[in-house]
Amino acid sequence: MAQINLDTLRERIRSMDFQRGTPEQIALWREDVAEARANLVIEDMAPTGDEDAMFAMMLDEGVPPSLMPSIILGLYKPGTHQIAA
C-alpha cells in the first residue's frame, strides 16, 4: 500500500453516515486491534507505520472494526493507491 493521506481519509470518514462507537466500545476495539496486530506480527505480516496510523485514526473517529474494510475498499480506487473522488 502506498503512503496514506490521513487528513483526506479522516475528512471522508467524518462525512460518512454510520453508527460511531461509544468511548467504551472504542477502548475495547483498541484492545482487539492491538491483539490482531500482534498476531500479524507473529505471522510476519506486520502492518506498516502508515497502516497502523490509519487504523488508529479510524478508531479515533469511532469507526467499528467490522466496518473498516468496507470503508477502505469503498474509498480507494481499484488498482491504485488513491482515494476515489
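Details
- Residue pairs whose Cβ atoms lie under 9 Å apart, sitting 6 or more positions apart in sequence or on different chains, and linking a residue in the range 14-34 that is exposed (fewer than 13 other Cβ atoms within 10 Å of the Cβ) to a partner that is acidic (Asp, Glu), are Arg14/Glu61.
- The residues on offer are Met45, Met54, and the sole one that is exposed (fewer than 13 other Cβ atoms within 10 Å of the Cβ), modelled with pLDDT under 95 and within 20 Å of Leu73 (Cα to Cα) is Met45.
- Evaluation of Ile4 against the conditions (1) assigned to a helix (DSSP H, G or I); (2) touching an Asp or Glu at 6+ places or on another chain (Cβ under 7 Å) shows that the sole unmet condition is (1).
- Test: residue in the range 64-71 that is under 23 Å from Thr8 (Cα atoms), open to solvent by less than 60 Å² (accessible area, probe 1.4 Å) and in a helix (DSSP H, G or I): yes
- Of note, Gln25 does not satisfy the criterion of being of a type in the set (S, T, N, Q), modelled with pLDDT of 95 or more and in a loop (DSSP other than H, G, I, E, B).
The values are calculated or read from the model by the stated rules, or taken from the named source; none is laboratory data. Since this is a predicted model, take the numbers as computed values, not measurements. FYI the Cβ positions are ideal-geometry reconstructions off the backbone, even for glycines, and counts take in every protein chain you see. We work out accessible area using only protein heavy atoms, side chains counted, and drop any ligands, DNA or RNA first. Shrake-Rupley method; radii C 1.70, N 1.55, O 1.52, S 1.80 Å.
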